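Report on the structure given below.
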């Protein structure tokens, strides 16, 4: 097979779709470049190529992925699918997020125990989550809980103790500590900052 076919197979395979692909090819037409990107390749480098340029491209891809992961983990309202690397990964993350959200109030929620609902083994699920997010299932569950809490804080329809219970924390103090550790602000500080931001936006709209 050629590089295009190989890329297509990698990107359509669940176990490997998260792996970044750089196409090194002598095909230098616009159509070839478009085809490669449509197959899911992250970059397209024409032959002959510079070794230094290739290494720089690899470093850039990996650094960009780390930045996306950090932005997801540190930003209360950024959705899980923002860290997807391709359409199949995006579908996987949407299904995973839905599964976690359905049982988010369960303080003992264990994604790996529910792997069967996603038609995969616990080991496969763990590896996939780790490969995409660089997080363990337990760490990812915690972040999703806290992001759901952030949504509820913005809406302002629940008391703090109610929010902590809704997102699966048995202790309000533990919830507050985890929220501050993840987002560098307390739930109260976040709620006030978002309300202030909304007021500013409304005033600017009126002006």
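The values are calculated or read from the model by the stated rules, or taken from the named source; none is laboratory data. All figures in this text were calculated on a predicted structure; none of them were measured in a lab. Reconstructed Cβ throughout: ideal geometry from the backbone, glycine too, with neighbour counts over all protein chains shown.
List pairs: first in segment 114-130 and farther than 19 Å from residue 104 by Cα, second modelled with pLDDT of 90 or more and surrounded by 16 or more Cβ atoms within 10 Å (Cβ to Cβ), Cβ under 7 Å, 6+ apart or cross-chain?
128/92
Does residue 82 satisfy the condition of being closer than 26 Å to residue 191 by Cβ, surrounded by fewer than 18 Cβ atoms within 10 Å (Cβ to Cβ) and in the same structural domain as residue 194 (by TED's automatic domain parsing)?
Working: closer than 26 Å to residue 191 by Cβ: yes; surrounded by fewer than 18 Cβ atoms within 10 Å (Cβ to Cβ): yes; in the same structural domain as residue 194 (by TED's automatic domain parsing): yes.
Yes.
Against the conditions (1) within 26 Å of the chain's Cα centre (by Cα); (2) without any contact (Cβ under 8 Å) to a residue 12 or more places away in the chain, where does residue 33 fall short? Just the number, please.
In the conditions (1) within 26 Å of the chain's Cα centre (by Cα); (2) without any contact (Cβ under 8 Å) to a residue 12 or more places away in the chain, residue 33 misses (1) alone.
Scan segment 92-124 residue by residue and report those that are modelled with pLDDT under 90, surrounded by 15 or more Cβ atoms within 10 Å (Cβ to Cβ) and either under 23 Å from residue 78 (Cα atoms) or not assigned by TED's automatic domain parsing to the domain that holds residue 75 (or both).
109, 111
For residue 88, are the conditions met, namely being in a helix (DSSP H, G or I), over 23 Å from residue 153 (Cα atoms), out of contact with any strand residue (DSSP E or B) (no Cβ under 7 Å at 6 or more places or on another chain) and touching a residue at least 40 places away in the same chain (Cβ under 8 Å)?
Numbers: in a helix (DSSP H, G or I): yes; over 23 Å from residue 153 (Cα atoms): yes; out of contact with any strand residue (DSSP E or B) (no Cβ under 7 Å at 6 or more places or on another chain): yes; touching a residue at least 40 places away in the same chain (Cβ under 8 Å): yes.
Criteria met by residue 88.
Would you tally the residues in segment 36-57 being under 17 Å from residue 17 (Cα atoms) and either modelled with pLDDT of 95 or more or surrounded by fewer than 17 Cβ atoms within 10 Å (Cβ to Cβ) (or both)?
3
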